[in-house]
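Structure first, commentary second.
The values are calculated or read from the model by the stated rules, or taken from the named source; none is laboratory data. Everything numeric in this text was worked out from a predicted model, so none of it was measured. Glycine gets a Cβ as well: all are built from the backbone with ideal geometry, and neighbour counts include every protein chain shown. Keep in mind that these areas ignore ligands, DNA and RNA; they rest on the heavy atoms of the full protein, side chains included. Shrake-Rupley method; radii C 1.70, N 1.55, O 1.52, S 1.80 Å.
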Amino acid sequence: MKIARSSALTLAVAYISLGLAALALFAAPLWYAWRVTIQDGRSEILQSDALRLTEVFRREGAPGLVSYINARVGMQIAGERLLLLADEALAPLAGNLAAWPPSVPPNPGTYTVKLELGGHMSDVALVHAALPGGYHLLVGRDTARYAPLEQRFWYALAGAVAILSVLGAFGGILIRRALLARIDGIRRTVSAIIQGDLSHRLPTHDSGDELNTLSRTINGMLEQIEQLIHGVRNVSNSIAHDLRTPLAELRSRLEELALTKPTTEQTFAEIDAAVADVDGVIRIFNALLRLAEIDSGTRRSGFVPVDLSAVAAAAVEFYQPAAELRGSSLMLATSGPAPIRGDPVLLAQALGNLIDNALKYTPEDGAIVVEVRTGAYDSSVEIIVADSGPGIPAEHRPKAVERFYRGDVSRGTPGVGLGLSLVDAVARLHGSELRLEDNHPGLRARIVLTQDRPQITRIARATSEQGGFQHEPVYP
């Protein structure tokens, strides 16, 4: 039953049926051409013989033709040709037929009739020619003469069908075994994953067949699932670790307030501090919710044409007062419109997070440069935020985009380590990634996005009508 339901067997039967149909379509016109060629050739030979005998009659008369036919009959192989010369009353004069066949019409022409030859009925092709003086001439051949050739043709066709069927069945068995081996590998891997071992991967080969392509795709999906599950575990552990401290401080503050019962002014001050702690916890949850929304890809449905130069200009203008208060310079470098398709709110927020991080770590009199440039030879847009701060060591850069990661330099600064995670999530949503490089000194954050070349004038008009890009609160 399993073999009967096998897809490999179904495929093999389908290929065998297709091969047999192709063989039939090839053999049918070949057989038709064979029959037509044989019939035409036989008729031509009979007509030629009839003309030759007619010419003998014209030169030598009836006695000469009688002698000629008798000589021909005596020399030929038995049954090779049927010859008969009859008078006006259809009485035989010469030839190898005992009497005029009654099934032959009296009018001259080419006919196929049944005659008794050698004790059995046979199909005979005949040419009836009328000679001067009322004489009648018959020249014929037994059509069964070519029966062995026809039999060989059918035997060859039957042999081809048998070979095709055997090879198809053998090929189906081999295909089934190969498929079962590949499917068994997939089954073992999936069973291990079901049991909780996400490190298993489907076996792949160098060949580019369909199953190998499917295995590579599934492996990519498994890697993404494993990464997401590890991310969930890390986020859960980080939440438990990072929220425990502010919640413990909040409880301690409220407990002390309940025990000491300070003055009204001190009580309100403690309440304000508690509210600030709660706001910090809410900001963390909002950031995690936003990251989950971005990771799910739901924001991709809202992609619209965006000019990144306009987004960067609005972001620089928004953070310019903060940079002046810190004594740092914040500059924008752009070569003109930089169109892509994306989410303008998320792009503005990601760029705001990069600028905010640069402001945190850039010392006084430092410099921050926001650069937007289009690719010279390809359709890409590059966003760069470079600062002159302490930067991030090369060995810590891969971890810097992880959620809740805090490097040694950032220990004394506000935040919980979600800013670069959000930037990296926005970059991945737009088909790119956040790259952290050394700026000598400082950090150079770079995102390369694919350009879509929309109508910039329409984007600029829509941006001006809406009053520019609005910045949401920057997440820590």
Do the conditions hold for ALA125, that is, is it among the small types (Gly, Ala, Ser), farther than 21 Å from GLU44 by Cα, assigned to a strand (DSSP E or B) and open to solvent by less than 20 Å² (accessible area, probe 1.4 Å)? no
Strands (runs of 3 or more DSSP E) completely within the range 323-442 that count 1 or more residues being under 37 Å from the mean Cα position of the chain (by Cα), at pLDDT 75 or above and more than 16 Å from LEU308 (Cα to Cα): 434-438
Can you tell me which of LEU65, LEU97, LEU137 is in a strand (DSSP E or B), of a type in the set (A, V, I, L, M, F, W, C) and either over 30 Å from LEU30 (Cβ atoms) or at pLDDT 85 or above (or both)? LEU137
Here's a check for you: in the range 189-216, which residue that is under 15 Å from ALA178 (Cβ atoms) and among the charged types (D, E, K, R) is modelled with the lowest pLDDT? ASP209
Does GLU88 satisfy being acidic (Asp, Glu), surrounded by fewer than 12 Cβ atoms within 10 Å (Cβ to Cβ) and in a helix (DSSP H, G or I)? no
Looking at GLU116 and the list (1) out of contact with any strand residue (DSSP E or B) (no Cβ under 8 Å at 6 or more places or on another chain); (2) exposed (fewer than 13 other Cβ atoms within 10 Å of the Cβ); (3) free of Cβ contacts under 8 Å to residues at least 24 places away in the same chain, which single condition is not satisfied? (1)
Note on the range 170-192: residues aliphatic (A, V, I, L, M), out of contact with any Ser or Thr (no Cβ under 9 Å at 6 or more places or on another chain) and closer than 16 Å to ASN219 by Cα are ILE183, VAL190
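Let's see how each residue does on (1) farther than 18 Å from ALA425 by Cα; (2) modelled with pLDDT of 80 or more; (3) out of contact with any strand residue (DSSP E or B) (no Cβ under 7 Å at 6 or more places or on another chain); (4) open to solvent by less than 80 Å² (accessible area, probe 1.4 Å):
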residue: HIS230; (1), (2), (3), (4): no, no, yes, yes
residue: ALA258; (1), (2), (3), (4): yes, yes, yes, yes
residue: ILE271; (1), (2), (3), (4): yes, yes, yes, yes
residue: ARG283; (1), (2), (3), (4): no, no, yes, no
residue: LEU288; (1), (2), (3), (4): no, no, yes, yes
residue: ALA292; (1), (2), (3), (4): no, no, yes, yes
